[in-house]
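Trainee: Okay, handing you the structure first.
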Amino acid sequence: FTVVLLLIIPGIAGILRVAQLDAPMWALTAIAAGAIARRNLKTAAVLLALAFAIKPTAVVALLLMGFTWLRLGIRLVPLVFAVLALPFLCANWNYVVQLYGSLLERVGGAIQQRRNWMDVGNMLAVMGVKVPFEIMLAIRAAMAPAALGIAVIARRRLERPFAAFLAFAFSAIYLLLFNPRTEGGGYAGLSLVAAPLAARMLLVEGKLYLS
């Protein structure tokens, strides 16, 4: 645990310093993957719903894990509706509707807005390869079922803990590469993937580098 913690710190220090919500979102998502590994789907569903309530980008992990383990997905449906309905109990309905409408507009604007975000599209642009918006959108759409397909295959062929970890890993990698507004906080998810792998390489396999 100590080794994993030390390896995680570089990837999450930035978002902890500025108190971004990526930190609790990724923590809850990672713990949910652990609950899946232990076959505790009720706990996993609650954790994923909380992560979604904290930050909507958790929808990637929610959908990927929910469709990979369909019993988990069934448990997620009422919880997601509860998360979406909760604001109506705490504020004026018209105000909440306006907020949801504004959220949809911002999501649409984020997809089309060209700025120096850290997604794969801007990475290619820095390398001199400018991918048109329509093609980039198609790539994002195609990679989603591809990631899901890999997670489903992993569920069928790997032991449950490894399959759960892989599903979490592809959630993090997909968001890092294809979220149109990827920021430094996206590396928090990647650190939660890379740190356990590095710790395994060091402590279990006794390697200091990849060969």
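Trainee: Provide TRP93, TRP26 ordered by accessible surface of protein heavy atoms (probe 1.4 Å), highest first. All intermediate terms of the calculation are to be shown ahead of the outcome.
Mentor: Values: TRP93 170, TRP26 10 Å².
Ranked from most to least accessible, the order is TRP93, TRP26.
Trainee: Suppose the chain between ILE150 and LEU99 were pulled fully straight at 0.36 nm per residue; how much longer would it get relative to their current alpha carbon spacing?
Mentor: On the way: separation 51, 0.36 × 51 = 18.36 nm, distance 3.52 nm.
Length difference between fully extended and current span is 14.8 nm.
Trainee: Now for a separate question. Starting at the first residue of segment 29-38, write each ³J(HN,Hα) from the Karplus equation 6.51 cos²θ - 1.76 cosθ + 1.60 with θ = phi - 60°, in whole Hz, x for Gly and Pro.
Mentor: 5, 5, 5, 4, 4, x, 5, 4, 4, 8
The values are calculated or read from the model by the stated rules, or taken from the named source; none is laboratory data. If you're wondering where the values come from, they're calculated on a predicted model, not measured in any experiment. We work out accessible area using only protein heavy atoms, side chains counted, and drop any ligands, DNA or RNA first. Shrake-Rupley method; radii C 1.70, N 1.55, O 1.52, S 1.80 Å.
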